[in-house]
1. Restricting attention to the stretch 9-22, does a residue exist that is open to solvent by 100 Å² or more (accessible area, probe 1.4 Å) and at pLDDT below 90?
2. State which residue pairs qualify: first residue closer than 20 Å to Thr65 by Cβ and part of a helix (DSSP H, G or I) and inside the stretch 16-45, second residue of a type in the set (Phe, Trp, Tyr) and open to solvent by 50 Å² or more (accessible area, probe 1.4 Å) in any location, beta carbons under 8 Å apart, and separation of 6 or more residues or different chains.
3. Go through the stretch 54-82 and report how many residues are surrounded by 12 or more Cβ atoms within 10 Å (Cβ to Cβ), among the aliphatic types (A, V, I, L, M) and modelled with pLDDT of 95 or more.
Amino acid sequence: MITNLPAVTAEPTAADLAAIDTEWPLIAAELDVLDAQITLIYAEDHGGPTALDWRRLRRAEARVTRAAAEVATRTTDPQRAA
């Protein structure tokens, strides 16, 4: 049993919430990939994934790439951060 965990009592700061808000498109895109992967796993038990299932995964992965590039651009370019 783990007994030395610190107590979480502080609320997120405005900076923490802003960082989450900035990264939310990437988080949402990654959740879409996870959902598509779960669909593929589930499809294995029901006749195998369809072409549409694979297409959905590829499109979700492409969204992650675009969102990651956008987040990286926003965090490195101070003009776009505002």
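1. The answer is yes, given that some residue of the stretch 9-22 is open to solvent by 100 Å² or more (accessible area, probe 1.4 Å) and at pLDDT below 90.
2. Leu40/Trp54
3. Adding up the residues that qualify gives 6.
The values are calculated or read from the model by the stated rules, or taken from the named source; none is laboratory data. Not measured: the values here are computed from a predicted model. Reconstructed Cβ throughout: ideal geometry from the backbone, glycine too, with neighbour counts over all protein chains shown. In case anyone asks, the SASA skips ligands and DNA or RNA and just uses the protein heavy atoms, side chains included. Shrake-Rupley method; radii C 1.70, N 1.55, O 1.52, S 1.80 Å.
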